[in-house]
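Input: a single structure, listed below in structure tokens.
Read the figures in this text as sums done on the coordinates, not as results from a lab. Note that the coordinates shown come from a computational prediction; the quantities given were computed from them, not determined experimentally. Cβ placement follows ideal geometry from the backbone for every residue including glycine, while neighbour counts extend to all protein chains displayed.
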Amino acid sequence: MKISTKGRYGLTIMMELAAKFGEGPTSLKSIAEKNQLSEHYLEQLIAPLRNAGLVKSIRGAYGGYILSREPESITAGDVIRVLEGPISPVDFTEEDDPAKRDLWLRIRDSIAEVLDSTTLDNLINYHEQSASDNYMFYI
């Protein structure tokens with residue numbers, strides 16, 4: 001399974017909203033500028049996220065988007081499934097060799113377990129932690 005730009009940029013949107021959770025709405029323009037992405041493309045991605053109930057839109061001059069729930073309760077799997085569809089590394093049928101079918105099922109389940117156990121809160125805290133782990137040495 002290869003995650004497309006839809007899934008990657010969708011996670012970027014959700015991580016930005018998670019980082020600003022409780023601070024009010026965030027505009028797609030600011031997310032696009034900060035991450036050097038196309039605002040038009042982000043507009044196409046936010047619609048299915050809103051329809052799935054993961055984000056809410058706020059209208060007005062200071063409007064934008066907010067998460068509909070706490071970052072701890074939204075997983076990477078939630079976002080990827082909305083934007084990419086079902087998690088499956090390959091398409092297989094019941095006629096496939098049982099050993100291969102078992103392998104594909106185990107791979108699918110492993111990917112799903114990682115995505116479903118990783119919350120937006122985990123992602124933003126990892127990102128913040130890795131940024132603070134940089135050391136500066138002076139000689």
Completion exercise
Rounded to the nearest Å, the spacing of the alpha-carbon centers of the range 112-126 and the range 54-90 is 13 Å
Problem - Mean Cα-pair separation over length for the chain, i.e. relative contact order, pairs under 8 Å, 6 or more apart, % - result: 28 percent
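Under the rule that an exposed site lies in a DSSP loop and has at most 11 other Cβ atoms within 10 Å, name the longest stretch of the chain with no trypsin sites (Lys or Arg not before Pro) of that kind, not counting the sites themselves. Please report the intermediate quantities before stating the final value.
Numbers: sites that count: K2, R59.
That would be 60-139.
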Practice task
Would you grab the residues whose amide H sits under 5 Å from the one on I74? Only those 5+ places off in sequence or on another chain, please, with H modelled 1.01 Å from N.
Solution key: L120, D121
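Run the numbers for I58 and S30: contour at 0.36 nm per residue of separation, minus the present Cα-Cα distance, in nm. Kindly include the intermediate steps, with their values, before the conclusion.
Numbers: separation 28, 0.36 × 28 = 10.08 nm, distance 1.48 nm.
Contour length minus Cα-Cα distance gives 8.6 nm.
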Completion exercise
Taking Cα atoms, the helix 5-19 axis meets the longest principal axis of the chain at an angle in degrees (rounded to 10) of 50 degrees
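For an R0 of 30 angstrom, estimate the FRET efficiency from the Cβ-Cβ distance between N51 and W104 and round to the nearest 0.05. If you can, show how the numbers build up before the last one.
On the way: r = 30 Å, r/R0 = 0.99.
E between N51 and W104, to the nearest 0.05, is 0.50.
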Exercise for the section: Taking the Cα centre of the chain as origin, work out the dipole magnitude from +1 charges on Lys and Arg Cβ and -1 charges on Asp and Glu Cβ, in debye rounded to 20. Expected result: 560 debye
Problem - On Cα atoms only, tilt of 98-116 relative to the major axis of the chain in degrees - result: 20 degrees
Handout entry: Within a Gaussian network of the chain (alpha carbon springs, distance under 10 Å), most fluctuating of D102, D78, D116
Key = D102
Exercise for the section: Please check the chain for the longest run free of chymotrypsin sites (Phe, Trp or Tyr not before Pro) that are loop-located per DSSP (anything but H, G, I, E, B) and have at most 15 other Cβ atoms within 10 Å. Expected result: 1-61
Completion exercise
Classified through the alpha carbon gyration tensor (a ≥ b ≥ c as square roots of its eigenvalues; rounded if a/c is under 1.5, else prolate when a/b is larger than b/c, else oblate), the chain comes out oblate
Practice task
Could I have the simple spin-label model distance between S38 and V114, label points 7 Å from Cα toward Cβ, reported in nm to one decimal?
Solution key: 2.8 nm
Fill in the blank from the handout: Simple spin-label estimate for Y126/S4, 7 Å along Cα→Cβ, in nm, reads 2.4 nm
Completion exercise
Amide H contacts under 5 Å for V55, restricted to residues at least 5 apart in sequence or on another chain and with H modeled in the peptide plane, are R50, S68
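Which value in deg cm²/dmol, rounded to the nearest 500, describes the helix-derived mean residue ellipticity at 222 nm for the chain, given -39,500 (n - 2.57) per DSSP H run of n ≥ 4 and division by the residue count?
Calculated at 222 nm, the ellipticity per residue is -17500 deg cm²/dmol.
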